[in-house]
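Heads up: the structure comes next, in structure tokens.
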Amino acid sequence: MGPQQTQDADRRRSDRFAIEREIRYRALNKRGGEEEGEGRTVNMSSSGVLFTAPQILRPGRRIELSISWPAQLNNKCALKLVARGRIVRFDSGLAAMEIQQYEFRTQSASGVATAAGLAKMAG
């Protein structure tokens, strides 16, 4: 493979940024028996997240990922980015997720995110 082919093969839809944040994830399973875990982001873009996962997450699996966000709402309230999507790759403890939808939520002191809290702060 020549230099141009390598460059073309690594072309992505969105730029990736090396952002390391704590995450929690849960597999969305229609049959019940949800899998949950914790890890850290390795990098992120507007269309995907690469993160560490202690258990195998099979490609095609739908998951919800909660990422602690470094910025605060109105300099007062902690935020979480909650993204849903599917696993596109898993290798050596690293999972790549394609983001299909996302929203920011407020995070209470206990770490629980609430959409009502976000609406109250924004309004």
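The values are calculated or read from the model by the stated rules, or taken from the named source; none is laboratory data. Keep in mind that what you see is a predicted model, and the values were worked out from it rather than measured. Here the Cβ is made from the backbone with ideal geometry for all residues, glycine too, and neighbour counts use every protein chain on show.
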Discussion item. Anything in region 59-75 that is touching a Phe, Trp or Tyr at 6+ places or on another chain (Cβ under 7 Å) and either loosely packed, with under 13 Cβ neighbours inside 10 Å or assigned to a loop (DSSP other than H, G, I, E, B) (or both)? List them, or say none.
Written reply: Pro59
Practice prompt. Identify all residues within region 1-44 that are of a type in the set (Ser, Thr, Tyr) and at pLDDT 95 or above; write none if there are none.
Written response: Tyr25, Thr41
Discussion item. Looking for something within 13 Å of the chain's Cα centre (by Cα), among the small types (Gly, Ala, Ser), at pLDDT below 95 and within 19 Å of Phe104 (Cα to Cα) - is there at least one such residue anywhere in region 62-73?
Written reply: yes
